[in-house]
Each structure stands twice: as C-alpha cells, then as structure tokens.
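Peer 1: A single structure is presented below for examination.
The values are calculated or read from the model by the stated rules, or taken from the named source; none is laboratory data. The structure presented is a predicted model; accordingly, all values stated were derived computationally and were not measured. Cβ: placed from backbone, ideal geometry, glycine included. Neighbour counts: every protein chain shown.
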Amino acid sequence: MRTADPIQTEIGLQKMLAVYVATGLVFLLLPGTFLGVWNLVSISSQHSLTHLSPAWLQAHGHAQIFGWLGTFIIGIGFYSLSKMGGLMPFAVSRAWTSWALWTAGVALRWIADVTERDWRFLLPLSATLQLAAFAIFFWIVSRHKPSASSAKRKPMETWMKLVIASTLALLVALVLNQLETIVLALTAAHPEIPHWLDQRYLFLAGWGFPVLAVWGFNARWLPVFAGLNEPHGRNLMIAMGTLLAGIALAATGLYGTATLLLFCASALAADALNVFRRSAKPAKTRGVSPLFPFFTRAAYVWLLIAAALGVYAARADFNGGIWGASRHALTVGFLATMVFAIGQRVLPAFCGMRLLFSTRLMGLSLIALNAGCALRVASEIPGYEANLRFAWTLLPVSAVTELIAVTLFSLNLAITLLLPPPVAAIRRPASSSVSYFGIDSVDKPVQRIASSK
Ligand code: HEM
C-alpha cells in the first residue's frame, strides 16, 4: 500500500478541493447565472417564454445544477473520502482525473447547447465524460470500508444515509442524461430535451441529489454551527422516503400527487431537523456573517414556498410561470441560500484552515440573493401567467439583483482561496480519522476554527 507524507497529502487535498470550488464558481457565474440573466431579460422583453430557445434554458439549468452544485458536491466528497488512511494518495490522483473529465463534460454540454456546433457528437460525449468522472468518484466511495474501530463505534447515522441516497440520485440523473443525449442525437433537430421529458427530469435534477445532499449535510452540521437540536433520525428517513416517492411519481407525469408528496417531505424534513424550533445552544457566528443562523432558517421557508408553488403549478400553470417560480424558490431560495451560508462557513476551513475574507460580503451576498429571489418569485407568476406589465419590468431587476449576489459570493470565496492560508494550518494537517464520507474527519478543521473563536 502506498504511503505518503501526510502534510504533503493534506496540502494536495486542499489544492484539489480549492480547484473544484473555483471550477464550480466559474460555472455558477458565467454559463449559469450570466446566461440565466440573459435569458430572463430576453423573456421579459418579449413578454413570453416561448420565443427563447429551450436549449439555452437547458444550458443554464445544466450549468447551475451539475456545473455548480455537482462540482461542489463531488469536490467535498473527494476531500472527505480521501482523508482515509492508505487510500489517500491514490484517491487524490483519481480526484484530479475525475475533475478533468467532469469539467470537460459540463463545459462541452454548455457549448453544444448554446452554439449547436457538432452537437450530435458533443452532447452524448459530454454526458459520457460526466458519467466517467462520476464513476471514478463512485468507485472510490464504494471501495471505502470504515475502519474496524469506527465501524464498531457507531451504526450508520441518518445524515450518512441521506448523503448516500443523494449520491445514488446523482448517478441515476447522470445515467438518464446519457440516455437522453443519445436519443436526442439520433432523433432530434436541435439539442433540446422535449418539454414533457425535461419537466420530469427536472424533478430528479432539482429535488433529487441537491436536496438530499443539503438535508444530509444539514443534519450533520446545523446542530454544530446553528446550535439546533440533534435531528430526529426516523422522521428524516420518512421525509427522504416521501421525497423519493414524489420524484418517482413525477417521472410518470402524476404531478398533482407528486407535488403533494414533495410538500409533505419538505415539511417533515424541516420538522425533523428542528429548523423552526428554539436552538439548543447559541449559533457559532464568529468568522462568518451574524446573519448565518437567520438565513439557514430562511432557506427552509423557501423550500416550503417552492413545494407549495409546485402543488399550485400542477393544478394551474399555463405558461410556465408557476413552475418557474417554484423551481427558483427551490434552486435560488433553498439551495443557493444554503450553499451561500454553509459553503462560506466550511469551505475556507477545508481549503487550508483559512478564514473567510469578509463576513460583510457574506451577509450582503445572502441579503441580495434573497431579495432577488423574492422579487423573482413574486413577479414571475403575474408576468408569465397574467401578462402584467409591472411584473415584466421587475423581472430583469430580480435577475440583476441575483447576479450581484452571485458575484459577491464568488468574489468572497475566490479572494479567500487566493490569500495565503495561516502558516499553522500548513504545518498541522487535519485529523485523518475515518468514517463513511469522512465527514467526521472533515468536521474537525471546521470545529477547530469554530471553537477557536
Ligand atoms: C441569477 C439567477 C438566475 C436567473 C436569472 C435564472 C433564470 C432562469 C430562467 C429565465 C429560466 C427559464 C424558465 C423560467 O423562466 O423560469 C431558468 C430555468 C432554470 N433555472 Fe435558473 N436562473 C437563475 C438561477 C438559477 C440557479 C441558482 C439554479 C440552480 C442552482 C437554476 C436552475 C434552473 C433550472 C434547473 C432551470 C430549468 C432549465 C430547463 O428548463 O431545463 N437557476 N432560470
């Protein structure tokens, strides 16, 4: 078995994660948000969704879900997994290969969608590259066996089950993406997933792996950072089962029942995580914005709004406005708010025990994101569904506000990663104790930072 200098391996891991984070930020900013803003401004000037190329909408959605969230999730997964004893050097080199394949795959997908150049070849190729990148990650995950001592110590915790379910949901999404792109290449006139199929797929891509990953990491970290009571494991499992049933029903087109299940799952998860109950202890807010505990709760308000709007959309949507409002309450309100809050809390610590560059920028990014999202969700329905003039004028404002938020978030993390880490962090590698997904060991640098304040 190969061994390596633990300090060098630790530095290698930190560099690898920093590159994953930087890549996710690039996808978030340009192919994701900038194209999203462009799309929304075009839709608002035409007063209709129908004139815009579906391929451009799908390019935006893919860049956000897979390019941003997927890259972050895989990077954090590799970082935590790779902290397992003998697997370390081996896993780090695999993580680089996986990064190259994943980045090329997501970038090619965007190029094929937006330019339509050689798309019959590029679209399936992009899906294959993403699948290959994920296969490397998945292979290393499944090879991992907890050490005898940690396996004896504790049974698998609820948050781990959620993270495993999220990983499997991502695998299913990527396999379906591969099949979809092959069929499109053979049969379609443009690189556009037909609306009926895209609608079904988006339930898996939006409500599947990202939501499960957030619930899993929240179950692990919200008691530590936001001072919440420990989650109710059994109820969280019921929430997960209900969510998966909702996604499965949506795949069959039974949106009425599917959206009701997603609403129940969201309410159950918020309850099981004690999000709206009094905290057991004060939140740890030094080193991050004091608004951190407020926005982690606000994200769950968005989750419930997203789910409720989904129920409404299944019954009353005609022009995509209610579905769009629901989708962005989920993606921007819930997922992006949570990544802005938790990401700025943990990523600086993972990438070399750094301190976040600016707690004020963190607060501003969260305020702008939530203001933009509120404006967007409130004006999308009267605009798209009732063609009200004031709503069409507000929509571009919401887009620019969200773009400002994303820029502040990216700037804050980018500067944090570019500044040199504290010297002590380079000399002293984080603990290499083991657990599935390594989050126990990953907790340690974060807890060290949190408790040192
Ligand atoms: C500046 C922020 C954003 C803007 C202006 C924006 C804009 C848009 C627009 C105009 C659409 C077309 C459908 C509709 O009108 O509702 C859309 C679809 C979508 N957006 Fe966004 N978006 C933003 C952020 C995000 C984020 C952060 C995510 C995910 C993390 C996301 C994921 C999606 C998805 C999955 C779709 C559906 C694509 C499809 O039809 O296949 N968006 N977005």
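Peer 1: Considering A250, A258, A265, A245, which residue is within 16 Å of the ligand (Cβ to nearest atom), under 18 Å from A205 (Cα atoms), of a type in the set (G, A, S) and part of a helix (DSSP H, G or I)?
Peer 2: Just one listed residue meets the conditions, A250.
Peer 1: Looking at the range 8-24, can you tell me whether even one residue there is within 12 Å of the ligand (Cβ to nearest atom) and on the phi < 0 side of the Ramachandran plot?
Peer 2: Checked the range 8-24: at least one residue is within 12 Å of the ligand (Cβ to nearest atom) and on the phi < 0 side of the Ramachandran plot.
Peer 1: Okay, next question. Quick one: what pairs do we get from the range 356-376, first residue free of Cβ contacts under 8 Å to residues at least 12 places away in the same chain, second within 15 Å of the ligand (Cβ to nearest atom) and outside any helix (DSSP H, G or I), C-beta under 9 Å, 6+ apart or different chains?
Peer 2: Between residues of the range 356-376 that are free of Cβ contacts under 8 Å to residues at least 12 places away in the same chain and residues that are within 15 Å of the ligand (Cβ to nearest atom) and outside any helix (DSSP H, G or I), there is no close pair.
Peer 1: Would you please name the residue that is farthest from the ligand (Cβ to nearest atom), looking only at residues in the range 395-424 that are without any contact (Cβ under 8 Å) to a residue 40 or more places away in the chain and within 26 Å of V377 (Cα to Cα)?
Peer 2: Looking at residues that are without any contact (Cβ under 8 Å) to a residue 40 or more places away in the chain and within 26 Å of V377 (Cα to Cα), I get V397.
Peer 1: Give, as residue ranges, the helices (runs of 4 or more DSSP H) completely inside the range 299-416 that count at least 2 residues that are at pLDDT 95 or above and farther than 23 Å from T71 by Cβ.
Peer 2: Those helices (runs of 4 or more DSSP H) span 321-328, 359-380.
Peer 1: Follow-up question, since we're still on this one. Would you pick out the residues in the range 30-59 that are outside any helix (DSSP H, G or I) and near the ligand (Cβ under 6 Å from one of its atoms)?
Peer 2: Within the range 30-59, L49 is the sole residue that qualifies.
Peer 1: Would you check if there is a residue in the range 200-212 being farther than 26 Å from Q58 by Cα, in contact (Cβ under 8 Å) with a residue 40 or more places away in the chain and assigned to a helix (DSSP H, G or I)?
Peer 2: No, that holds for no residue.
Peer 1: Out of curiosity, is L261 more than 21 Å from the chain's Cα centre (by Cα) and surrounded by fewer than 16 Cβ atoms within 10 Å (Cβ to Cβ)?
Peer 2: Judged against the criteria, L261 is not a match.
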